[in-house]
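The values are calculated or read from the model by the stated rules, or taken from the named source; none is laboratory data. Fair warning: this is a prediction, and the values are worked out from it, not measured in the lab. When we count neighbours, we look across all protein chains shown, and the Cβ atoms used for this are built from the backbone with ideal geometry, even at glycine.
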Amino acid sequence: MQKSSIVKWERRIRISTAVIFAILMMLNIYISEKFKTDFVFFQTLLIYILLFFQMAFNLLQFISQTSDKYIRMTMILLYTYAYISNFIVLLILLLLPIESMFVLTMALTFFTLSLTFLMIVERQFKKRIKKRVQNSNKDSNH
């Protein structure tokens, strides 16, 4: 069985996100206080960009597996809302003069919560689609 290109790219993005995040966290230890705020801004922005790519691949994978246009539109709207709200939270946190690691922690926490919400909704849709397919198979067998 050959993997689709979306799954391959999703895996690459997931691995590179983890590696880059680990490298940036290690570099964060050795950065002087003078450059720490700029570095955390760059680090947060880079991680957010990689996580947005991850979300986009998740959406593309879901859309490629679903034929119902209403479920597709619902997921596109939910992902759009998650993108916009995460971006607004990131901008607010980065513009406020707060502790830089607190900003990074809050931004990633909010992003994780919205991604978890999207995954729960996606799983519920998949269950509903699977049930619908099973019911249609039962009806066609009788």
State all residues of the stretch 127-142 that are under 28 Å from the mean Cα position of the chain (by Cα) and among the hydroxyl-bearing types (Ser, Thr, Tyr); if no residue qualifies, say none. none
Go through the residues of the stretch 89-101 one by one and say whether even a single one is assigned to a helix (DSSP H, G or I), at pLDDT 80 or above, in contact with a Phe, Trp or Tyr (Cβ under 8 Å, 6 or more places away or on another chain) and crowded, with 17+ Cβ neighbours inside 10 Å. no
Which of the residues belonging to the stretch 57-80 are within 11 Å of Glu122 (Cβ to Cβ), under 18 Å from the mean Cα position of the chain (by Cα) and β-branched (Val, Ile, Thr)? Ile63, Thr74
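For (1) more than 12 Å from the chain's Cα centre (by Cα); (2) at pLDDT 75 or above; (3) aliphatic (A, V, I, L, M), each residue gets a yes or a no:
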{"residue": "Met26", "(1), (2), (3)": "yes, no, yes"}
{"residue": "Glu33", "(1), (2), (3)": "yes, no, no"}
{"residue": "Phe39", "(1), (2), (3)": "yes, no, no"}
{"residue": "Phe42", "(1), (2), (3)": "yes, no, no"}
{"residue": "Leu50", "(1), (2), (3)": "no, yes, yes"}
{"residue": "Met55", "(1), (2), (3)": "no, yes, yes"}
Pairs, first part of a helix (DSSP H, G or I) in the stretch 5-26, second polar (S, T, N, Q) and modelled with pLDDT of 75 or more, C-beta under 6 Å, six or more apart: Ile6/Gln61; Ile13/Gln54
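Just to be sure, is Ile92 farther than 21 Å from Glu10 by Cβ and aliphatic (A, V, I, L, M)?
The answer is yes for Ile92.
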What do you reckon, is Gln124 of a type in the set (S, T, N, Q), assigned to a helix (DSSP H, G or I) and within 16 Å of the chain's Cα centre (by Cα)? no
All but one of (1) aliphatic (A, V, I, L, M); (2) free of Cβ contacts under 8 Å to residues at least 24 places away in the same chain; (3) closer than 30 Å to Val133 by Cβ hold for Ile92; state the number of the condition that does not hold. (3)
